[in-house]
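The values are calculated or read from the model by the stated rules, or taken from the named source; none is laboratory data. Here the structure is a predicted model, which means the values were calculated and not measured. Using ideal geometry, Cβ is built from the backbone for each residue, glycine included, and neighbour counts are taken over all protein chains shown.
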Amino acid sequence: MNRKVKAKDRAAAVEFVNKLIEQYTTAVKGLNELFEVAPDLCYKDDGVGCCNLDTATSRKGIVGPARSKLIRQRRSKLEKHDLTPHNACAYHKINEGCILDELKSPLCTAHYCKGELDDTKYGADYVFRMLKYLLNTEARKGNRKTKIESGWRIVGEVLDYADDIKREVSDSGIETSVDG
Ligand code: SF4
């Protein structure tokens, strides 16, 4: 393989990873807004929040070819914040909650304390599975286009799902809370 072809392949692989990240962060952003509309009872109790996982666990579900870049983006976000360690997870800011926003892992995005959202309507397993699906691919050259196309369908489905839950929370008249 000559140098020109190799460079073209590398550029296509980078573009593919960037698209995966764009899809993933779009889906997480929509789901993360749920933490702003649903009450976080643990946060209210102690100002710390209920996730309280260690930093290694907070990566759970971040897989596939975009993994390294996402981890680097999370670290760079951490460096921008001057956080005092107070919690098991390095990304947790006291009185503010998680600093990661759209860079949260599938596990963290799916995490709600029991009872904070209606368990019969909010499917943590579904959220975890869909987000992991968006990242989980072997990125073979031949399947990139199909993967991106099906990825956008999943993003649309996940955003509709998040909107439905937000509507239900808002219709139920529960008071607005903060990110945990
Ligand atoms: S939600 Fe944020 S603060 Fe909580 S465990 Fe996950 S990464 Fe850490």
(request) For segment 120-146, enumerate the residues that are in contact (Cβ under 8 Å) with a residue 60 or more places away in the chain and among the basic types (Lys, Arg). (result) Lys132, Lys141, Arg144
(request) Just give me the residues in segment 137-173 being surrounded by fewer than 18 Cβ atoms within 10 Å (Cβ to Cβ) and not in a helix (DSSP H, G or I), in sequence order. (result) Glu138, Ala139, Arg140, Ser172, Gly173
(message) Can you name every one of the helices (runs of 4 or more DSSP H) wholly within segment 1-90 that holds 2 or more residues which are out of contact with any Pro (no Cβ under 8 Å at 6 or more places or on another chain) and at pLDDT 80 or above?
(response) 3-32, 34-37, 67-80
(request) Starting from segment 57-84, keep only residues that are among the hydrophobic types (A, V, I, L, M, F, W, C), then list their pairs with residues that are assigned to a helix (DSSP H, G or I) whose Cβ atoms are within a distance under 6 Å, requiring at least 6 positions of separation or different chains. (result) Ile62/Leu70; Val63/Leu135; Ala66/Val17; Ala66/Leu20; Ala66/Ile21; Ala66/Leu135
(request) Six or more apart or on different chains, Cβ under 7 Å: which pairs go from a residue in segment 93-115 that's in a strand (DSSP E or B) to one that's within 7 Å of the ligand (Cβ to nearest atom) and basic (Lys, Arg)? Could you list them? (result) Cys98/Lys104
